[in-house]
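A short worksheet on the structure shown next.
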Amino acid sequence: MRCGLPFVRRTGLYLKPTTVMVQRFGDLADKNVVDLEPLGMKRLLSDGEIDVDLDIDPGYVIVRSGKNIWGVSLYLLPGRLLSRFPKGMRQAIV
């Protein structure tokens, strides 16, 4: 039996921050944070990706809307933000 809070999961060759970890500690992040308006957040969750032009490094980013931290997405060049939210969360919000 194990207990604790998982911080990352292995996805292929990469480590992905968990949604729970980001929601608990994401307010401490000072880079690779994406602020979305509610409409952009809804589009990301319903379509699975949006086109955005961000001045951040490619990779996993923390997504927030206002003061609410929602989770992580994958930012790819040129300007694609892919939803990496848990399925249950996407269905509940959309």
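The values are calculated or read from the model by the stated rules, or taken from the named source; none is laboratory data. Just so we're clear, the structure is a prediction, and the values are computed from it rather than from any experiment. As a convention, Cβ positions derive from the backbone with ideal geometry for all residues, glycine included, and neighbour counts pool all protein chains shown.
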Notebook entry, point to check: With Asp57, Asp30, Asp51, Asp47 as the choices, which residue is among the acidic types (Asp, Glu), touching a Leu at 6+ places or on another chain (Cβ under 8 Å) and on the phi < 0 side of the Ramachandran plot?
Noted result: Asp51
Margin query: Quick test of your reading of the structure: Cys3 fulfils all but one of (1) at pLDDT below 95; (2) in contact with an Asp or Glu (Cβ under 7 Å, 6 or more places away or on another chain); (3) of a type in the set (A, V, I, L, M, F, W, C). Name the failing condition by number.
Written below: (2)
Next item on the list: Just name the residue that is nearest to the chain's Cα centre (by Cα) out of those in segment 1-27 that are small (Gly, Ala, Ser) and farther than 15 Å from Ile69 by Cβ.
Entry: Gly12
Margin query: Among the numbered criteria (1) in contact with a helix residue (DSSP H, G or I) (Cβ under 9 Å, 6 or more places away or on another chain); (2) more than 26 Å from Gln91 (Cβ to Cβ), which one does Leu36 miss?
Written below: (2)
Next item on the list: Could you tell me whether any residue of segment 35-50 is surrounded by 11 or more Cβ atoms within 10 Å (Cβ to Cβ), in contact with a Pro (Cβ under 9 Å, 6 or more places away or on another chain) and of a type in the set (A, V, I, L, M, F, W, C)?
Entry: no
Note to self: I need the full set of residues from segment 65-81 which are surrounded by fewer than 14 Cβ atoms within 10 Å (Cβ to Cβ) and within 18 Å of Glu37 (Cβ to Cβ), in order please.
What the structure shows: Gly66, Lys67, Asn68, Gly79
